[in-house]
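Since every read-out is calculated from the coordinates, none of them should be taken as a lab result. These figures come from a predicted structure and were not determined experimentally. Heads up, the Cβs are rebuilt from the backbone with ideal geometry, glycines too, and the neighbour counts pull from every protein chain shown.
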Amino acid sequence: MSKIEALIDHYVTQHAPTGRWHADECGVGAFEIDAQGRWFHDGAPISRAGLVRLFASVLCYEQGQYLLKSPAETCPVKVADSPFVIVSWQYCNLAPTLGLSTTLIAQDNLGRLWPVCSEFPLVLKSYQGQPVPYLMLNYGLSARISRSVYYQWAELAQSRGDEFVLTSANTSFVIG
């Protein structure tokens, strides 16, 4: 097992094997996720955090569409921007024991942890007309970096010409 795999194994919550499931579309109503990562069903907010985490564990992005997938049914999901938002972060205490440089652990709006690394890289995308960093997750999903986390990371970033570069788990990422 590589150093990065060990880090991922320690932090990342398991996701259902949605790539193996190919069921017909269900008719249980409309699911939506707004730009703040809040989930809705038929226009009503889904307020039970455990239910949202369950749905997140079967959410994927395939062929240009977000889907909730199970072995028995597939439900399309309308997503305003990105299904998740990175709302906080911490330094990884495990990284030095694995021989990795300073590593950032991002926490999404569902409380899940993601190491910022080559497997889960930061990329710049346009959000409301501005370049904003997103953390690329598994199953085609992503999490937009919140403004407060971005500003904290900007203080850590190194200036390289016109770019700001953040280093985590021996990998450099352009964040602005």
Between 0 and 90°, nearest 10: helix 147-156 axis offset from the chain longest Cα axis: 20
Distance from the range 124-176 to the range 54-103 (C-alpha centre basis), Å: 16
Backbone HN-Hα couplings from phi across the range 55-62 [Karplus 6.51/-1.76/1.60, Hz, Gly and Pro as x]: 4, 4, 6, 10, 7, 8, 10, 9
Net lengthening on full extension, L124/R53 (0.36 nm per residue, minus Cα-Cα): 23.0 nm
Relative contact order of the chain, pairs being alpha-carbon contacts under 8 Å that are 6 or more residues apart, as %: 20
Amide H partners (placed H, <5 Å) of L137, local residues excluded: S142, A143
Mean Cα-pair separation over length for the range 18-79, i.e. relative contact order, pairs under 8 Å, 6 or more apart, %: 44
Within the range 46-176: Cβ-based charge dipole about Cα centre, in debye rounded to nearest 20 (Lys, Arg +1; Asp, Glu -1): 300
Positive minus negative residues near E73 (Lys, Arg vs Asp, Glu; Cβ under 14 Å): -1
Helix-only CD estimate at 222 nm, as mean residue ellipticity for the chain, using -39500 (n - 2.57) per DSSP H run (n ≥ 4): -4500 deg cm²/dmol
Approximate shape of the chain as ellipsoid semi-axes (Cα gyration tensor, √5λ), whole Å, largest first: 30, 19, 14
Selected from D24, D42, D162 as most flexible by GNM, with the chain as the system and alpha-carbon contacts under 10 Å: D162
Charge dipole of the chain about the Cα centre (unit charges at C-beta), most positive-ward option of S82, L94, A154: L94
Gain upon complete extension [Q14, N170; 0.36 nm per residue less C-alpha separation]: 53.8 nm
Within the range 18-79: Cβ-based charge dipole about Cα centre, in debye rounded to nearest 20 (Lys, Arg +1; Asp, Glu -1): 280
